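Q: Sharing a structure, written as structure tokens. Questions coming.
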Amino acid sequence: MRRFLTFFNLLGLLVLVGGVWGLLYTQGALQVPVVSLPSKADEQLGQRIVRLHFANAKADGFAVETRTIRIAGGDDPLELALAELLKGPQAQGAFPIAPVGLAVPEVYLYGDVAVVNLPAEYGQLRQGSAAEAMLIYGMAYTLLDFPQVGSVRFLLGGKEVESLGHLSLLEPITRPR
């Protein structure tokens with residue numbers, strides 16, 4: 001009588017079981033279901049108080065106004081803050097930093113750097129140096145009030161530019177010391 005439990009029979013059985021397991025695993029029968037954990041974006045849903053930096057009466061500083069924004073799924077709180085800023089002030093003594101109707105720039109966060117991609121129309125505003133400084137620094141300081149933002153860079157139409165006319169945009173803007 002032949003022996004059925006030889007070394008080669010056991011090895012063949014292990015290879016067969018491993019092959020069947022591999023086939024089932026790749027077909028999805030044995031895959032472990034993925035559990036969705038809450039992301040940091042989900043934690044930011046709801047309401048948030050933001051500080052918006054508008055021009056003061058002399059256009060030599062900022063009048064800070066606080067507002068509450070609603071953040072829904074898929075919304076970027078940084079872009080929502082800039083959208084509120086571009087709507088203009090509601091408080092006395094604060095003045096808009098941009099003409100009414102300007103498109104809201106896109107904001108991308110890379111590490112702690114907020115990259116603001118200004119639409120091309122921002123390059124055709126033809127404002128004076130004070131108005132340009134109010135626009136750029138008003139946006140930057142509004143974004144710098146978010147704890148995850150350490151500095152702000154500006155692009156124009158997706159490209160790095162020297163300036164909008166007067167103010168250099170080559171270096172990132174950081175919190176004033």
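Q: Against the longest principal axis of the chain, how steep is helix 7-27, in degrees 0 to 90 to the nearest 10, with axes from Cα atoms?
A: Once rounded, one gets 30 degrees.
Q: On average, how much accessible surface per residue is there in the chain, in Å², for a 1.4 Å probe, leaving out ligands, DNA and RNA? Mind dumping the intermediate values first?
A: Working: 11580 Å² over 177 residues.
Solvent-accessible surface per residue comes out at 65 Å².
Q: Cα gyration tensor of the chain, axes a ≥ b ≥ c as square roots of the eigenvalues: rounded (a/c below 1.5), prolate (a/b > b/c) or oblate?
A: Here the chain falls in the prolate category.
Q: How large is the accessible surface of Met139 in square angstrom, using a 1.4 angstrom probe and rounding to the nearest 10?
A: Met139 exposes around 0 Å² with every protein chain in place.
Q: How high is the relative contact order of segment 76-115, given as a whole-number percent (alpha carbon pairs under 8 Å, six or more residues apart)?
A: 36
Q: Mind ordering 84-90, 147-153 by average Cβ neighbours within 10 Å, highest first?
A: Values: 84-90: 17.7, 147-153: 16.0.
Sorting 84-90, 147-153 by mean packing, highest first, produces 84-90, 147-153.
Q: In addition: To the nearest 10 degrees, how steep is helix 129-144 against the longest Cα principal axis of the chain, on a 0 to 90 scale?
A: 40
Q: Something else now. Tell me, what is the 1.4 Å probe accessible area of Asp112, in Å² to the nearest 10?
A: 80
Q: Return the sequence-ordered ³J(HN,Hα) values of segment 112-123 in whole Hz as given by the Karplus equation 6.51 cos²θ - 1.76 cosθ + 1.60 applied to θ = phi - 60°, using x for Gly and Pro.
A: Per residue, the Karplus-derived 3J(HN,Hα) values read 10, 9, 8, 9, 9, 9, 6, x, 4, 4, 5, x Hz.
Q: Note down the accessible area of Leu78, probe 1.4 Å, to the nearest 10 Å².
A: Solvent-accessible area, nearest 10 Å²: 10 Å².
Q: Taking a 1.4 Å probe, which of Leu156, Leu10 shows the most accessible area, and what order do the others take after it?
A: Leu10, Leu156
Q: Sticking with this structure for a sec: Percent relative contact order of segment 102-147, based on C-alpha pairs within less than 8 angstrom and at least six residues apart? Can you show the working numbers first?
A: Numbers: 21 pairs, mean separation 12.2, N = 46.
About 27 percent, as a whole number.
Q: Relative contact order for the chain: what is it in percent, counting Cα pairs under 8 Å that are at least 6 residues apart?
A: Relative CO of the chain lands at 17 percent.
Q: Calculate, for Ser129 and Arg70, the FRET efficiency according to 1/(1 + (r/R0)^6) with r their C-beta to C-beta distance and R0 45 Å; round to the nearest 0.05.
A: So, using R0 = 45 Å, E works out to roughly 0.80.
The values are calculated or read from the model by the stated rules, or taken from the named source; none is laboratory data. These numbers were taken from a predicted model, which means no experiment stands behind them. A quick note on method: Cβ atoms are made from the backbone with ideal geometry, for glycine too, and the neighbour counts reach across all protein chains shown. Note: accessible area is taken over every heavy atom of the protein model, side chains too, but ligands, DNA and RNA are not part of it. Shrake-Rupley method; radii C 1.70, N 1.55, O 1.52, S 1.80 Å.
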